[in-house]
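Trainee: Here it is, the structure in full.
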Amino acid sequence: MRLKNCHNFHDYRKLAQKRLPGPIFNYIDGGADDEVTMRKNTAAYDKVDLVPNVLRGVKDVDLSVTVMGQKLDVPFYCSPTALQRLFHHQGEHAVAAVAEKFGTMFGVSSLGTASLEDLRKKHSTPQVYQFYFHKDRGLNSAMMQRAKEAGVNVMMLTVDSITGGNRERDLRTGFSIPMRLNMRGLYEFMSKPHWGINYVTHEKFKLPQLDEHVDMSGGAKSIGGYFTEMLDPTMNWDDVAKMVREWDGEFCLKGVMSVADAKRAVEIGCTGIVLSNHGGRQLDGSRTAFDQLEDIVMAVGDDIDVIIDGGVQRGTHILKALSRGAKAVGLGRFYLYPLAAAGEAGVDRAITNLHVEVLRDMRLMGCQSIADLSPENLIANI
Ligand SMILES: Cc1cc2nc3c(=O)[nH]c(=O)nc-3n(C[C@H](O)[C@H](O)[C@H](O)COP(=O)(O)O)c2cc1C
């Protein structure tokens, strides 16, 4: 399998599996507990069918959307994900370059391996900063201030991770940062020498959003430890309301799932919510964003930008989400496998294919702009 033979999500996944040591592949590929929610995320899209309209004379298709004040040329964006430099040495820079090429946003994780500032300098496309809430309120303020100075466009507070999910694949391989591999994990690294050479001959792995504040070196603090020791599980609506006021700009909550929470987000002045179960990596058995979308859009769709992510593998998934009222759709593993498979060239190819797919699907649906999509385009099939 080579890049030129990759035509869809599954092809990139296979190539990533071939290139990456098992523990790293499984870190991307896995979910929490029995991975039920992770599987359901994609399966949810099959429960409704698209109903096209014909003879509408569709020539040019406008895919642009405006979300949280950002004009995007396409209705999808790259959701923030951790540790990208581990997957390929080009890491976040590859993803940001492709997002820029397609005129869309990209997210930088708190556990990102390139700095907000470097990414901002090199890429003009809207930048989202994914943030975790720390016990140390001074640290939260300092990090927000840094993001402001870096020119971050949207603050995205992840609210579904007050504790880490139970990722049993990682327990089996010993995947953690710093690595504490067991014998099987070690063997899997040794069997992918190409990855190892690439890793040691390029820029050193670092976590620039945290390096100033947390010592992750020499095993002093693992990412697991960061979650349990530094993040604040008592975070509540009042805390977040203060943050929203302090940021005083576009602010969204990532991981909202209930109607009640969506209404609270509006009340405290958020400008967006991402319906998300973290790609099935946190609470297994939780509802999918797509299944929850209709109720949330009905409740708050006129007051706040509703975005979703999870399980998106096809252009038609994006059209279904937009038909149900999502303002934009986040991609996670969709770009991570291509990144792991071939760096920027991989992400570029995958996003190019998706762009073509969405354009084709819009034409086949008889739609010229995203506003032409509506719930009338969807019928439940079960
Ligand atoms: C390897 C990996 C790392 C992730 N890291 C983060 C993170 O640091 N912060 C965060 O809010 N979400 C993180 N996510 C969740 C994504 O932002 C997104 O919600 C999810 O991947 C969407 O599901 P999908 O992968 O099925 O598209 C991560 C997901 C994956 C697969």
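Trainee: Report the Cα centroid-to-centroid distance between segment 245-314 and segment 1-66 in angstrom, as an integer.
Mentor: Cα centroid of segment 245-314 versus Cα centroid of segment 1-66: 20 Å apart.
Trainee: Projecting each Cα onto the charge dipole of segment 269-382 (Lys/Arg +1, Asp/Glu -1 at the beta carbon, about the Cα centre), which of Ile307, Cys270, Leu319 comes out farthest on the positive side?
Mentor: Leu319
Trainee: Only helical DSSP H runs with n ≥ 4 go in: add -39500 (n - 2.57) per run for the chain, normalise by residue count and round the 222 nm mean residue ellipticity to 500 deg cm²/dmol. If you can, show how the numbers build up before the last one.
Mentor: Numbers: 15 runs with 159 residues, N = 382.
Rounded to the nearest 500, it is -12500 deg cm²/dmol.
Trainee: Between Glu267 and Glu149, what is the spin-label point distance in nm, taking each point 7 Å from the Cα along the Cα→C-beta axis?
Mentor: Placing both labels 7 Å along Cα→Cβ, they lie 3.6 nm apart.
Trainee: With contacts defined as alpha carbon pairs under 8 Å and 6 or more residues apart, what's the relative contact order of the chain in percent?
Mentor: On the way: 746 pairs, mean separation 113.1, N = 382.
Value for the chain: 30 percent.
Trainee: Lysines within cross-link reach of Lys263: Cα-Cα under 26 Å, excluding same-chain residues under 8 positions apart?
Mentor: Lys40, Lys71, Lys135, Lys242, Lys254, Lys320, Lys327
Trainee: Taking amide H positions as placed in the peptide plane 1.01 Å from N, state which residues far from Val256 in sequence (5 or more) or on other chains have amide H under 5 Å from it.
Mentor: Correct list: Val274, Ser276.
Trainee: I would also like to ask the following. Enumerate the aspartates and glutamates that Lys122 could reach by cross-link, defined here as Cα to Cα under 13 Å, with residues fewer than 8 away along the same chain left out.
Mentor: Straight-distance partners of Lys122: Glu92, Glu100.
Trainee: Around Val67, what is the net charge, scoring Lys/Arg as +1 and Asp/Glu as -1 over all other residues with Cβ under 10 Å from its Cβ?
Mentor: Values: positive: Lys71, Lys327; negative: Glu250, Asp305.
In short, 0.
Trainee: Short version: ³J(HN,Hα) in whole Hz for each residue of segment 54-62, in order, from phi by Karplus 6.51 cos²θ - 1.76 cosθ + 1.60 (θ = phi - 60°), x for Gly and Pro, what are they?
Mentor: Each residue's phi maps through the Karplus curve to give 10, 6, 9, x, 7, 10, 8, 10, 9 Hz.
Trainee: Given R₀ = 25 Å, what would the calculated FRET efficiency be for Arg363 paired with Thr66, taking r from the Cβ atoms and rounding to 0.05? Provide the component values of the computation, followed by the final result.
Mentor: Numbers: r = 22 Å, r/R0 = 0.89.
Efficiency, rounded to the nearest 0.05: 0.65.
Trainee: Same structure, new question: Compute the distance from the alpha-carbon center of segment 88-106 to that of segment 340-363, in whole Å.
Mentor: Rounded to whole Å, the Cα centres lie 12 Å apart.
Trainee: Using label points projected 7 Å from each Cα along Cα→Cβ, tell me how many nm separate Val259 and Leu181, to one decimal.
Mentor: Between Val259 and Leu181, the label points sit 5.0 nm apart.
Trainee: What is the set of long-range amide H partners of Lys135 at a cut-off below 5 Å, with H atoms built 1.01 Å from backbone N?
Mentor: Leu231, Asp232
Trainee: For labels at Glu294 and Asn5 in the simple 7 Å Cα→Cβ model, what's the distance in nm?
Mentor: 4.2 nm
Trainee: On to the next question. Taking amide hydrogens as modeled 1.01 Å from N in the peptide plane, which residues meet the under 5 Å criterion relative to Ala328, leaving out close sequence neighbours?
Mentor: Amide H neighbours of Ala328, under 5 Å, 5+ apart: Ile308.
Trainee: Now a separate question. In debye to the nearest 20, how big a dipole does segment 63-158 give about its Cα centre with +1 on each Lys and Arg Cβ and -1 on each Asp and Glu Cβ? Write down the numbers at each step before the final one.
Mentor: On the way: 10 positive and 7 negative charges, 26 e Å.
The calculation lands at about 120 debye.
Taken together, the values in this text are just the output of simple stated rules run on the coordinates, not laboratory data. Quick caveat: nothing in here was measured; it's all calculated off a predicted structure. Note that we place each Cβ from the backbone using ideal geometry, even for glycine, and neighbour counts take in every protein chain shown.
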